[in-house]
Each structure stands twice: as C-alpha cells, then as structure tokens.
Amino acid sequence: MLSRQIDDYVNIATEVRTLLAQLGSGHIASAAYETAWVARLAPQFPEFEASLEWLRQNQHPDGTWGGAVFHAHDRFLSTLAALVALKSVGQHPRDPRRIQRGEDALWRVVGKLSKDDHDTVGFPLLSAALTQQAAALGLDVPTPPIRFAKAYQKKVNALLNAPDRDLRTNPLVYSLEGLLDALTPHDNVFEANHSISVSPSATAAFLLKYPNRNGALGYLQETLMTNSDGGMAQFNPLDVYEVAWALNHLRIAGAISPDDPIVRDLLDFLARRWSPQAGATTSTYSLTYESDNTSAVFTLLRWGGYDVSGDVFYYYEMDDHFACYRGETNPSVSAMIRTLAALRFNDDHPDYRRWVGKIVDFLHKSDQNGSFWTDKWHISPYYVTSIALNALRGIDEALARTRLKWILRTQNDDGGWGYYGTSTPEETAYCLEGLIQWDQTVERVPPTLIEDAARYLRRHTDFDQLVPLWIGKTIYTPTNIVKAAILGALFAYENWKVK
C-alpha cells in the first residue's frame, strides 16, 4: 500500500503502472452491513466467526456501525444488521452491552434519516425486513420512515409475480435478502460464480434459509479471504466497473495510452463484455446493465479505436432523461452527466444534438441550489459536480461556471475539499482533476488553488485510510478507482506545472 508522499512525475508514473497490474481484482474494504449477514452463518460454518469478531471490533463510540463519515441511512442499516447478527449468534459476555448501545443509537439516528440527500440502495426493502427480524428477536428498535415506499412495493410485486421467476436480470436481486420470505429453493438467482448479484449479503441470506447450497458457501469463503480482517466487501467481484472507471481517470489525466500493451489488454477485457444493445454491466457475474458503467466503457472503447455505436444509449432513453438502469425509482444526475461526456466521443451520431439537449434540460431542472448537484451513488456533491465541468465544456459553459464557482469558493485551508467538514483525498482528487481540465481547455484557474490542492494530495496518499463515500446498500470505497482518481490528478498536475 502507498503510505508515503508522492512528489514527482517518476514516482507517480511508477504507481500508475503498479495500479494497472492490479485492476480487475475489485478490492473493496470491509463493510459492517455485509459482514453482519455473513456473521450469522457462524454456527453452521465456523470460519465466519472471524466476521462476528469483526463486528465486535468495529462498533463506533456512539454505538453505531457503518462508515467513518456519518450518513444516517448507512449507520441505521449497518447498525440494525449488526444487532440482528449479535442477538442471533453472538455469545461473547460483552455482546449484550454492545446490543444495548446499538439499540440506543438507532433511536438517535432514526430522526436524522430525512436529512440525507439520498437513501442507500434498497433501503425500503432492507430496513423493513431487518426491522421485522429485530422485533422477532426481542430487540427494541424504531421503525424507519421510508421514502419511495409505494414505488418500491410496486417493483417488488412485479418481480415476485413474474411468471418465469428468473430474478437475475432484475436490479432488485441485488437486495434479495429483503425478500427472504418470498424465496423458494427453485428460484433462478445464482450467477456462474455462485453468488447472488455479486453480493455477499444476498448470498449469505440465501444460505441462511437454504444451507445446502455448497457453491454459495465457496463464494463466501473466497470473498472472506479477499480481506484479511474478517470483514466482508460489499461486492465481489466488481471487475468491469473497476477497470472502466479507473482507466477513465487515468485517461483524463493523460497517464495512459491505448497503445500500451497492459492498457490494450484491459480494453480488450471490456470489449469482450460489451453488449451492442445494452452496453455494460458492473461485473462479469452480473446481468444488470446500467448507463453509468455503459458510458464509461463506451468512452474507453471509442478512445481505444473499437467500433462501438452510440445506438446503445437508446436502451436507456426515457421521455425526459436517460435512466441509469431500467426500472429505477429515481434518476441519477451523475449517470446523466457521464452519458453526456460519453456522447462527446460520438458527436456525429444522428441523435447527438437531441440527446445533449435532453440531458442539459434535465440538469437545469435538477439544479436546486444554483451551485452543485447531489447524486444517489455518492454522498459527496464534489463527485458529481466536478465531472460536470468537462462534460458541459462547449455545451453549456454558463451552467458549468456555477459549478466551478462553488468548487473554487469551498476549498479548505489545507488545500483539500470535503463536504462533511474535513478534507478527503478522494474529493480533493475529483476537484483537482476538474480544475486542471478547465484550466487547460476553457480558461485559467487561479494557480495557487491548484498548487494547494496538489500539495494536500501529496501529503495524504495513504490508501489504507480512504474514507467510504460511495452509496451501495451502505457506504463503501472502490479502492482502486479512488486510487486511480488520486494518482491521475497528481499526474495531471505534474504535466500542468510544465506548461
């Protein structure tokens, strides 16, 4: 792991080469929610005692479980899952005290759920199921308020009433642990790697109900080994997503070339997983296609000279926006912006202007404060706002300048950016990447801001200490993608210095 200051072009280039060799492994740090579901298997499968111990060692001082940054939905769901696990199978003398502290914490957190900009994935389904399980165990927990409850119930009913019961292509399969009571052992839910939608928690939940699925046990044992601390990652594997998004950060920075043999191998990997009709999924072992990943892969393949058509975006086109995935409850601003960025690589498409107009109209309608957007896939507005600078360049620079001003005016004294009060390397990398692009392609940015940001990043390159900011079922970090963003920003800065 990188834990020293990176302060010259040669060192950065070396780290980029090291990272390229790691892409596809899909490393994600342990998360309390996933770990809690797997820990419940410990009585049948003793190797998961390590997951139970992980929960004991990772309760926050306030009694909650979850990410380092307080996000109410993350803390609520993670704590609820941990309490059910400890109450179900925990036998340590101090577990009752841990449980009591967690119960108290939930009553404090529940009132803060409405303050989050966005829910975590599947929250209506997962929180309801876990609340029922907690009550059945005698736990004293509050019932959370649910946004989008009717929309979720409609989707659940459609899924369960489908005649073929092939659940793998429905995005709800990722949250299948919330549907345990409706499952049968004959439902078609498993992928070729014996996971349910590359989700350890969904797979563990199935094993709790039907413990004779040996392939699923092997998948969870393998996932347990990817993190040495006994915790479980939120996804395994997330290979397509990791390769595409990491390469895009490095491409933007000018740190890679499509002619580089290792980059070409990674591009070939993406090309083999490309569907001309629907684009790309997040994993080799997933059947859920989504526009965010499709846009990232499309951009890279066009950059690399592959013959892929923008017709793929018809699959995601709705009346007034582009969906991130079919059947979603609410649109994603970042998916729209990433689609706009991808369309720049196919500006001769017959529907290019119409599509661009549709996306820009949506972005204006979604502009609630005149300064930044929030997004359902990331808890920091810097993530979605920074990528908009380049996507809107030459298309709607007036809108882009309102985002630029917010970034420029919110830099912290230490040179970094952080929406939750403290600067983080990830948020700083996004802002530095966007500012350098704007400086080089549109107009000059005050150089001291760029220099201060680079100085902050150089001092904060310990990738073992990344703060989870990405929204899944709870909050997580796709480690190699964030590494690529940080290294790419530093690489771009070194080039910026000499121009």
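Rule-based calculations on the coordinates, nothing more; no lab input. What you are looking at is a predicted structure, and each value in this text was computed from that prediction instead of being measured. Here the Cβ positions follow ideal geometry from the backbone for every residue, glycine too, while neighbour counts run over all protein chains shown.
In the stretch 32-226, a dipole from Cβ-located charges (positive for Lys and Arg, negative for Asp and Glu) runs towards its positive end, and of VAL173, ALA151, VAL38 it is ALA151 whose Cα lies farthest in that direction.
Separation of the alpha carbons by more than 23 angstrom is noted, of LYS365/LYS405; LYS87/LYS155; LYS115/LYS365, for LYS87/LYS155. For GLU222, what is the net charge nearby, where nearby means another residue's Cβ is under 15 Å from its Cβ and Lys, Arg count +1, Asp, Glu -1? It works out to a net charge of -3.
Computed about the Cα centre, the dipole magnitude for the chain is approximately 780 debye when only Lys and Arg (+1) and Asp and Glu (-1) carry charge, each at its Cβ. What does the charge count around LEU432 come to, taking other residues whose C-beta lies under 13 Å from its C-beta (Lys +1, Arg +1, Asp -1, Glu -1)? Spelling it out: positives minus negatives among the neighbours equals -4. For the charge dipole of the stretch 382-462, defined by +1 on Lys and Arg C-beta atoms and -1 on Asp and Glu C-beta atoms about the Cα centroid, which residue among TYR430, LEU408, ILE450 has the Cα displaced farthest towards the positive pole? Result: LEU408, furthest along the dipole toward the positive end. Taking Cα atoms only, the orientation of helix 72-89 departs from the longest principal axis of the chain by about 30 degrees. P(r) for the stretch 234-367, from all Cα pairs and a bin width of 10 Å, is 12, 45, 34, 9, 0 %, short bins first. Working note: Karplus 6.51/-1.76/1.60 with θ = phi - 60° gives the stretch 102-109 the couplings x, 4, 4, 5, 4, 5, 7, 6 Hz, where Gly and Pro are set to x. When Rg and Dmax are taken over the Cα atoms of the chain, they come to 22.3, 68 Å.
Take the alpha carbon gyration tensor of the stretch 254-300, find the square roots of its eigenvalues, order them as a ≥ b ≥ c, and report rounded if a/c is under 1.5; if not, report prolate when a/b exceeds b/c, else oblate. Prolate shape, in that a/c is at least 1.5 and a/b is the bigger ratio. The phi torsions of the stretch 299-314, fed into the Karplus equation with coefficients 6.51, -1.76 and 1.60 and a -60° offset, translate into couplings of 4, 5, 5, 5, 4, x, x, 7, 8, 10, 9, x, 4, 4, 6, 4 Hz, rounded to whole numbers, with Gly and Pro shown as x.
For the chain, the relative contact order is 20 percent, taking Cα pairs closer than 8 Å that sit 6 or more residues apart in sequence and dividing their mean separation by the residue count. Of the residues GLY122, SER195, HIS249, the one whose Cα sits farthest towards the positive end of the charge dipole of the chain is GLY122 (charges of +1 on Lys and Arg Cβ, -1 on Asp and Glu Cβ, taken about the Cα centre).
Gyration tensor over the Cα atoms of the stretch 32-226: the corresponding equivalent ellipsoid has semi-axes (square roots of 5 times the eigenvalues, largest first) of 26, 22, 14 Å. Above 25 Å lies some portion of the pair distances; for the stretch 350-499, what is it as a whole percent of all C-alpha pairs? Considering the stretch 350-499, 29 percent of its Cα-Cα pairs are separated by more than 25 Å. Relative to the longest principal axis of the Cα atoms of the chain, the long axis of helix 397-409 lies at roughly 70 degrees. The string of couplings for the stretch 341-346 from the Karplus curve (6.51, -1.76, 1.60, θ = phi - 60°) is 5, 5, 4, 4, 8, 9 Hz, one whole number per residue in order, with x for Gly and Pro. Counting only aspartates and glutamates at least 8 places from LYS358 when in the same chain, those with an alpha carbon closer than 13 Å to its own are GLU317, ASP319, ASP320, ASP396.
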